[in-house]
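J.: Pasting a structure here, questions to come.
The values are calculated or read from the model by the stated rules, or taken from the named source; none is laboratory data. Please read these numbers as outputs of a predicted model, since none were measured by experiment. Here Cβ is always computed from backbone atoms with ideal geometry, including for glycine, and neighbour counts include all displayed protein chains. Heavy atoms of the whole protein, side chains included, go into the accessibility calculation; ligands, DNA and RNA do not. Shrake-Rupley method; radii C 1.70, N 1.55, O 1.52, S 1.80 Å.
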Amino acid sequence: HQDERVSPLAASACILAPQESCLPWLFPLSPGLEERLAKKGKKNTPTLENMPLIHPHAAGIDVGAEEHWGCVPADRDAQPVQKFSAFTCDLHRLADWLTPCRITTVVMESTGVYWIPLFHILDARGFEVALVNARHVKNVPGRPKTDRFDCRWLQKLHMYGLLAPSFRPPEDICQLRS
């Protein structure tokens with residue numbers, strides 16, 4: 001079909017009454033276009049079963065002004081989702097809870113200034129803390145809308161390496177800036 005020229009009338013007849021495939025006539029330089037278009041309707045979305053775990057020892061924390069919600073993998077604690085107040089004693093209790101759960105990395109949203117005390121406590125305890133922009137997490141489809149589910153969502157996304165941490169300069173630079 002590539003040597004033949006198609007008249008506009010023949011092409012329009014092909015479009016208006018497509019009894020047989022017209023793609024070879026309309027797009028002679030795109031071999032395999034029919035197959036690609038047929039496959040296009042089939043979704044090839046990845047599932048959690050076939051994605052590798054990047055951070056298996058990850059926790060997620062939804063930071064709020066008055067309370068923080070923390071989540072660890074379900075097999076690490078009888079209550080994998082817990083609520084803590086924003087008082088310093090509860091921030092230390094949250095860090096104490098993460099240690100026996102064998103957590104090595106923690107992800108939390110950068111909400112206002114409420115993340116700063118928790119960040120310092122977790123960092124001092126030796127956790128790898130990833131701070132993520134709340135706007136980026138909200139743009140991920142399928143996101144739940146409550147604090148309790150937000151921490152679980154953060155933890156799950158972090159386990160599979162789907163969150164990019166925000167840049168945070170080294171501590172000596174942070175001290176100079178403040």
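J.: Pull up all non-local amide H partners of Glu109: gap of 5 or more, or a different chain, and H-to-H distance under 5 Å with H placed in the peptide plane.
T.: Counting only residues 5 or more places away or on other chains, the set is Ile61, Val63, Val132.
J.: Stretch Gln82-Ile116 to full length: gain in nm at 0.36 nm per residue minus the Cα-Cα span? Could you put the intermediate results ahead of the total?
T.: On the way: separation 34, 0.36 × 34 = 12.24 nm, distance 1.97 nm.
Using 0.36 nm per residue and subtracting the Cα-Cα distance, I get 10.3 nm.
J.: Right, another one. For the range 103-120, in order, what is each residue's ³J(HN,Hα) by Karplus, 6.51 cos²θ - 1.76 cosθ + 1.60 with θ = phi - 60°, in whole Hz (x at glycine and Pro)?
T.: Rounded to whole hertz, the list is 7, 10, 9, 10, 10, 8, 7, 8, 9, x, 10, 5, 7, 4, x, 5, 4, 5.
J.: First compute the accessible area of the range 60-178 with a 1.4 Å probe, then give the percent of it belonging to carbon and sulfur atoms.
T.: Working: 3640 of 6600 Å².
For the range 60-178, the apolar C and S fraction of the accessible surface comes to 55 percent.
J.: On to the next question. Using the Karplus curve 6.51 cos²θ - 1.76 cosθ + 1.60 with θ = phi - 60°, work out ³J(HN,Hα) for each residue of the range 68-85 in order, rounded to whole Hz, and write x for Gly and Pro.
T.: Result, rounded to whole Hz: 10, 9, x, 9, 10, x, 4, 7, 9, 7, 5, 10, x, 10, 9, 10, 10, 6.
J.: For Ala134 paired with Phe167, estimate the spin-label separation in nm (one decimal), with each label point 7 Å from Cα along the Cα-to-Cβ line.
T.: Taking the two extended label points, one gets 2.3 nm.
J.: State the extension gain, in nm to one decimal, for the chain segment bounded by Phe149 and Asp96, taking 0.36 nm per residue of separation less the distance between their alpha-carbons.
T.: Working: separation 53, 0.36 × 53 = 19.08 nm, distance 2.17 nm.
Roughly 16.9 nm would be gained on extension.
J.: Tell me, what HN-Hα J-couplings in whole Hz come from the Karplus equation 6.51 cos²θ - 1.76 cosθ + 1.60 at θ = phi - 60° for each residue of the range 156-161, using x for Gly and Pro?
T.: Whole-Hz 3J(HN,Hα) from phi for the range 156-161: 5, 4, 5, 4, 9, x.
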